Protein chains: 2
Amino acid sequence: MKPLDLRLYLVADGTAANRHRIPEMVERAVAGGVTLVQLREKTADTRTFLQIAFKLKEILADWGVPLIVNDRVDIAWAVDADGVHIGQRDMPYKVARRLLGADKIIGLSVENMRQVEAANRLDVDYIGVSPVFLTPTKPDAKNAFGIEGLKKAVEVTRHKAVAIGGIQVENASEIMQTGVDGISVVSAIVKAENPRSAAEALVERIRGACADTS
Amino acid sequence: MKPLDLRLYLVADGTAANRHRIPEMVERAVAGGVTLVQLREKTADTRTFLQIAFKLKEILADWGVPLIVNDRVDIAWAVDADGVHIGQRDMPYKVARRLLGADKIIGLSVENMRQVEAANRLDVDYIGVSPVFLTPTKPDAKNAFGIEGLKKAVEVTRHKAVAIGGIQVENASEIMQTGVDGISVVSAIVKAENPRSAAEALVERIRGACADTS
């Protein structure tokens with residue numbers, strides 16, 4: 001398996017309004033440099049979720065970019081996705097690992113330092129440090145890590161870490177400089193008029209930040 | 001595998017209000033004669049759904065009563081349930097069968113005669129003819145089969161058939177006399193003060209109806 005490249009991790013968050021445009025949006029974003037794609041669907045029925053996942057799998061296979069499915073191990077399994085991303089109220093890591101086997105990618109959201117530490121006892125493939133900043137995409141989140149909290153999480157974790165929540169082109173460099181392995185974005189790409197150039201602008205900041213710290 | 005006994009099929013429909021009482025309610029209902037249990041959760045998070053499914057699996061194993069999971073193939077897989085029940089907007093039958101293998105029970109909801117006919121081209125283990133009568137549990141349903149429609153569905157299908165929707169002790173005999181293999185109930189047991197005696201009363205009607213037609 002290729003090493004996991006978390007540098008620009010797109011969370012394609014499906015809503016009734018944008019669902020039909022997701023495959024095209026994802027393809028354009030990947031052309032702009034997205035390195036990993038997660039499909040998240042919190043309101044679609046299973047059949048719709050599955051149909052979009054099948055389409056993304058087909059598109060991403062052409063680009064050699066992994067597809068991660070949020071929460072739904074059955075959807076991941078059905079489309080032979082590269083892995084799942086689980087939150088603290090989804091299937092426990094050990095159950096997901098038992099079902100999916102050692103070769104699939106399993107990422108875990110961590111929402112506070114206690115969860116960062118707990119994740120060190122699991123063989124997850126990466127943690128998603130969430131949220132860095134409060135954002136309307138996750139209205140339930142109460143506490144944000146902030147830049148200092150993110151630095152601390154990177155120090156404490158033994159895993160690869162990706163930062164998520166409120167990341168835009170303007171703060172991408174600062175976030176990469178905390179030492180995370182990548183940034184995860186939703187609206188910075190999903191809501192962009194041009195997903196490809198939005199991704200390209202983010203990639204430029206990520207490269208710049210990596211050059212600064214090397 | 002034991003032959004599938006659909007006679008009294010309980011759909012344990014979890015809601016925020018009743019969720020904590022489901023395992024005990026199911027156990028009492030099974031003591032009263034329920035032959036098959038489906039766990040349906042449309043609002044719980046995956047971890048909660050999984051926890052209840054694990055509990056039911058444990059309880060039902062003691063009684064030798066199969067556990068069917070509504071929609072979520074991953075939950076069924078994780079707890080090694082006996083099967084899944086899928087609706088027309090859930091995972092397509094062929095995908096679910098490919099994932100679960102030949103030995104698991106797969107039931108399919110059919111909502112009109114066209115779907116009854118389409119199900120004849122699939123190797124489902126049973127169809128759930130839904131709804132017989134309109135009911136508040138499924139507010140989206142627009143058309144009900146009624147007694148005559150149910151008789152027609154039983155004639156047309158090559159599968160075992162269970163009737164669901166608006167079934168109570170008062171109409172259980174009439175419904176059994178259409179030739180269905182069983183009746184499926186939600187509120188007649190879930191909302192009963194005494195789930196065991198509610199199940200016993202239904203069993204009595206089912207036995208009576210079977211004696212009438214034999």
A:THR48 label points, 7 Å along Cα→Cβ, one per copy: pairwise distances from this copy to the rest in nm, shortest first? 2.2
If you build a Gaussian network model of chain B, linking Cα atoms that sit under 10 Å apart, which residue out of B:ALA31, B:ALA118, B:ALA17 swings the most? B:ALA17
Per-residue mean of C-beta atoms belonging to partner chains within 10 Å, peptide A:82-93: 3
Please list, by residue number, everything in segment A:5-38 whose backbone N is under 13 Å from a paramagnetic label point 7 Å out along Cα→Cβ of A:GLU58. A:23-24
Quick check: net charge around B:LYS104, other residues with Cβ under 10 Å of its Cβ, Lys/Arg +1 and Asp/Glu -1? -3
Could you look at segment A:8-213 and say what percent of its accessible area is carbon and sulfur, using a 1.4 Å probe and all protein chains? 48 percent
The answer for the per residue Cα convex hull volume of chain B, in Å³, is 113 Å³
Å² per residue, accessible surface of segment A:8-213 at 1.4 Å: 43 Å²
In order over segment A:164-172: 3J(HN,Hα) from phi, Karplus 6.51/-1.76/1.60, θ = phi - 60°, whole Hz, x for each Gly or Pro, gives 9, x, x, 8, 9, 4, 5, 10, 4
About the Cα centre, charge dipole magnitude for the protein assembly as shown (Lys/Arg +1, Asp/Glu -1 at Cβ), debye: 20 debye
Provide an ascending nm list, one decimal, of label-point separations from A:ALA17 to the equivalent residue in each further copy; define each label point as 7 Å from Cα along Cα→Cβ. 3.2
Compute for chains A and B the buried accessible surface, both sides summed, probe 1.4 Å, and express it in Å² to the nearest 100. 2100 Å²
Calculated from DSSP helices alone, with each H run of at least 4 adding -39500 (n - 2.57) and the total divided by the residues of chain B, [θ]222 nm to the nearest 500 comes to -12000 deg cm²/dmol
Please identify, among A:ASP125, A:ASP140, A:ASP13, the residue showing maximal mean-square fluctuation in a Gaussian network model of chain A using a 10 angstrom Cα cutoff. A:ASP140
Scoring only Lys, Arg, Asp and Glu (+1, +1, -1, -1) among other residues with Cβ under 13 Å from the Cβ of A:ARG158 yields -3
Using a 7 Å offset from Cα along the direction of the beta-carbon, what are the separations from B:GLU155 to the same position in each other copy, nm, ascending? 7.8
Take each of the peptides B:128-134, A:191-197, average the number of other beta-carbon atoms within 10 Å over its residues, and list them starting from the highest. B:128-134, A:191-197
Give me the number: length gained by fully extending B:SER197 to B:ASN112, i.e. 0.36 nm times residue separation minus the C-alpha to C-alpha distance, one decimal in nm. 27.3 nm
Across chain A, how many lysine pairs, 8 or more apart or on two chains, come within less than 19 Å at their alpha-carbon atoms? 15
To the nearest 0.05, how large is the calculated FRET efficiency for A:GLU174 and A:LYS142 if R₀ is 22 Å and r is the Cβ-Cβ distance? 0.45
For A:69-75, what's the mean count of beta carbons from other chains sitting within 10 Å of each residue's beta carbon? 5
Above 11 Å lies some portion of the pair distances; for segment B:168-214, what is it as a whole percent of all C-alpha pairs? 63 percent
Förster radius 35 Å - calculated FRET efficiency between A:LYS152 and A:ASP123, Cβ distance, rounded to 0.05: 0.95
On a full-extension model of 0.36 nm per residue, what is the gain between A:ARG21 and A:ALA102, subtracting their alpha-carbon distance, rounded to one decimal in nm? 25.9 nm
Averaged over the residues of B:48-54, the number of partner chain Cβ atoms within 10 Å of each residue's own Cβ comes to 1
Counting only Cβ atoms, what residue of chain A lies nearest to the axis that sends chain A onto chain B, and how many whole Å off? A:ASP74, 2
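The values are calculated or read from the model by the stated rules, or taken from the named source; none is laboratory data. The structure displayed is predicted, hence computed values, not measured ones. Every residue, glycine among them, receives a Cβ derived from its backbone with ideal geometry; neighbour counts consider all protein chains shown. Quick note on the areas: whole protein, heavy atoms, side chains included, nothing else; ligands and nucleic acids left out. Shrake-Rupley method; radii C 1.70, N 1.55, O 1.52, S 1.80 Å.
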